[in-house]
1. Within a Cβ distance under 13 Å of Arg55, other residues only, what is the Lys/Arg minus Asp/Glu net charge?
2. Which far-off residues, 5 or more places away or on another chain, put their amide H under 5 Å from the one on Ala77, with H placed in the peptide plane?
3. Where a ≥ b ≥ c are the square roots of the eigenvalues of the C-alpha gyration tensor, would you call the range 49-104 rounded, which needs a/c under 1.5, or, failing that, prolate if a/b is larger than b/c, or oblate?
4. Given labels modelled 7 Å from the Cα in the Cβ direction, how far is it in nm from Asp92 to Leu50?
5. Could the peptides 76-84, 11-19, 51-59 be put in order, highest first, of the mean number of other beta-carbon atoms found within 10 Å of their residues?
Amino acid sequence: MPDPVTTLRAAVEDAKTREVALNRHLHHPDDYERGSLAIQIRWDVADAVLAERDRLRAVLVDMVGQFAYSSTHRGKAVIHTGGLSALESAFDALGWPDPKPVEMEAADRAPDAGGEGTP
């Protein structure tokens, strides 16, 4: 899935190109702007919104990491929702499958699984 900001910027550039072409066709100067075609983008606002989105995603990942259930599925470490609707919604918002494969910490592995294990 393409990044929304990249898509938006491409659409703005396409609109600008079309406006220049229309201005040339109508014999207007290249910098002539029509009210209906002029596009004003506040990139600083867009960047702030995206930064907040990233911050909230990180918080959601931390919360899921704290409350999701850990187990194994087909011999691999996974986290899963355990059927809890709040966790299901969080997994969905993050675009994660349920169960989601995870890497086990070396300390969490059993000694025969190649990790040091816990005494």
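1. Summing Lys/Arg as +1 and Asp/Glu as -1 gives -2.
2. Val102
3. Details: a/c = 2.44, a/b = 1.86, b/c = 1.31.
Cα axes put the range 49-104 in the prolate bin.
4. Each label point lies 7 Å from its Cα, and together they span 2.7 nm.
5. Details: 76-84: 16.1, 11-19: 12.8, 51-59: 10.4.
Top of the packing list down: 76-84, 11-19, 51-59.
Any read-out appearing in this document is the output of simple, stated calculations on the displayed coordinates, not a laboratory observation. Predicted model, so just to flag it, every value in this text is computed and none were measured. Positions of Cβ are generated from backbone atoms using ideal geometry, with glycine treated the same way; all protein chains shown enter the neighbour counts.
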